[in-house]
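For reference, the structure discussed in these notes is given below.
The values are calculated or read from the model by the stated rules, or taken from the named source; none is laboratory data. Treat the numbers as computed from the prediction; the structure is a model and nothing was measured. Cβ placement follows ideal geometry from the backbone for every residue including glycine, while neighbour counts extend to all protein chains displayed.
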Amino acid sequence: MSYHTFFGLKGQPFAADLALDAILKTDDLREVQQRILYTIELGAIALVTGEVGAGKSTALRWVAGGLHPSKYKPLWVTATSGSILEVYRQLLAELDIQTASSSRAILTGLIRTQILALVQSKKQQPVLIIDEASLLRLDVFAELHTLTQFEGDSKPYLPIILAGQNNLADNLLYRTAVPLASRIVARRHLQEVNREGMERYLDHHLKIAGLKHSPFDAQAVTAIHQGSGGLFRKANHLARGALIAATSEKSQLVTAEHVRRAASELF
Ligand SMILES: Nc1ncnc2c1ncn2[C@@H]1O[C@H](COP(=O)(O)OP(=O)(O)O)[C@@H](O)[C@H]1O
Ligand SMILES: [Mg+2]
């Protein structure tokens, strides 16, 4: 029997693709939102850091989703290879610009023209969001600074939200990154949650999956909290794995032993 049927779940529990209104509104989320709104107002730069799976991308998605589309245009870039060309390509796509050119001068020209058009003609505030910015090569920070300078530094047209792992903050200390880093006005580090926060998190996801009462006993919650180090993505895998382990034993109660069995298969 599948664990869905055994526990009476509707849909995939502990999913990654939560609808905006299904995201758990934590204090961290509100703190991130407040800083991003402030940063946009100033046309400055904000930093969101945290370990893998702490909830950075989800927080950004929630905040960006709350920006009214008639006033704001979030421009999403995910820095997987870390090169400036990749950033330009994704940015052009977000700005609905098609070009076959790979000349950096032409690409930056196109991007800057479109940013100006958004701000000046369409009265729409673009917001550059760079996720996984800890993967950006160091020289990219200098280029980003040039890209987003309008009339010297006097026109802060393009606020930037940089999200990534903790080394992002260190990378911004390098000499080539200093001009960009000097525009940072807000920063939030997403902490690993405590046990109480983890319990609330698990209950939230179980409710989304259709369960009013959690099948996890107290020790199982503690085991998930400890095994995940308070990080949500790892907790998702542990909790789902534990449900599967409990199903194979036909146990409606999920215990620490089930969590341990799930943990033995994860990295
Ligand atoms: N506020 C939240 N509410 C509900 N689930 C969340 C929340 N934040 C994170 N998650 C869950 O944790 C997973 C990892 O979060 P994610 O934002 O991808 O982390 P990061 O970007 O820091 O690596 C998400 O796929 C989602 O399932
Ligand atoms: Mg992420």
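Selection of the stretch 90-107 for residues being modelled with pLDDT of 95 or more and either basic (K, R) or buried (at least 17 other Cβ atoms within 10 Å of the Cβ) (or both) yields Q90, L91, L92, E94, L95, L107.
Within the stretch 1-29, being outside any loop (DSSP other than H, G, I, E, B), of a type in the set (D, E, K, R), touching a residue at least 40 places away in the same chain (Cβ under 8 Å) and more than 16 Å from ligand 2 (Cβ to nearest atom) holds for no residue. Residues that are in a helix (DSSP H, G or I) and free of Cβ contacts under 8 Å to residues at least 40 places away in the same chain within the stretch 238-255 comprise L238, G241, A242, A245, S248, listed in sequence order.
Within the stretch 49-67, identify whether any single residue is more than 19 Å from F232 (Cβ to Cβ), loosely packed, with under 15 Cβ neighbours inside 10 Å and not acidic (D, E), and answer yes or no.
yes
Annotation: V119 fulfils all but one of (1) within 23 Å of A177 (Cα to Cα); (2) surrounded by 13 or more Cβ atoms within 10 Å (Cβ to Cβ); the unmet one is (1). Looking at V48, V32, V63, which one is over 21 Å from G241 (Cβ atoms) and touching a Phe, Trp or Tyr at 6+ places or on another chain (Cβ under 9 Å)? Going through V48, V32, V63 in turn, just one is over 21 Å from G241 (Cβ atoms) and touching a Phe, Trp or Tyr at 6+ places or on another chain (Cβ under 9 Å): V32. Taken over the stretch 47-77, the residue count meeting the criterion of being assigned to a strand (DSSP E or B), within 16 Å of ligand 2 (Cβ to nearest atom) and more than 10 Å from the chain's Cα centre (by Cα) is 4. Answer yes or no: is there a residue in the stretch 96-117 that is among the aliphatic types (A, V, I, L, M), within 19 Å of L42 (Cβ to Cβ), over 25 Å from the mean Cα position of the chain (by Cα) and in the same structural domain as A46 (by TED's automatic domain parsing). The answer is yes; a qualifying residue exists. Among the residues making up the stretch 213-237, those that are part of a helix (DSSP H, G or I) and of a type in the set (S, T, N, Q) are Q219, T222, Q226, S228, N236. Are there any pairs, at least 6 apart or on different chains, whose C-beta atoms fall under 7 Å, with the first in the stretch 47-63 and in the same structural domain as A186 (by TED's automatic domain parsing) and the second near ligand 1 (Cβ under 6 Å from one of its atoms) and outside any helix (DSSP H, G or I), and if so, which? Between residues of the stretch 47-63 that are in the same structural domain as A186 (by TED's automatic domain parsing) and residues that are near ligand 1 (Cβ under 6 Å from one of its atoms) and outside any helix (DSSP H, G or I), the close pairs are K56/G50; T58/I23; W62/I23. One residue stands out in the stretch 9-20 among those that are within 21 Å of V193 (Cα to Cα) and exposed (fewer than 14 other Cβ atoms within 10 Å of the Cβ): the one that is farthest from ligand 1 (Cβ to nearest atom), namely L20. Checking the stretch 186-200 against the condition returns a match, with at least one residue being more than 30 Å from A263 (Cβ to Cβ) and modelled with pLDDT of 95 or more.
Can you tell me which of H258, H204 is in contact (Cβ under 8 Å) with a residue 12 or more places away in the chain and either in contact with a Pro (Cβ under 7 Å, 6 or more places away or on another chain) or crowded, with 20+ Cβ neighbours inside 10 Å (or both)?
Result: H258 is the single residue among H258, H204 that is in contact (Cβ under 8 Å) with a residue 12 or more places away in the chain and either in contact with a Pro (Cβ under 7 Å, 6 or more places away or on another chain) or crowded, with 20+ Cβ neighbours inside 10 Å (or both).
Among the residues of the stretch 192-241, those identified as within 16 Å of ligand 2 (Cβ to nearest atom) and of a type in the set (S, T, N, Q) are S228, N236. Screening the stretch 131-162 for residues that are closer than 19 Å to E41 by Cβ and within 16 Å of ligand 2 (Cβ to nearest atom) and picking the one that is surrounded by the most Cβ atoms within 10 Å (Cβ to Cβ) gives L162.
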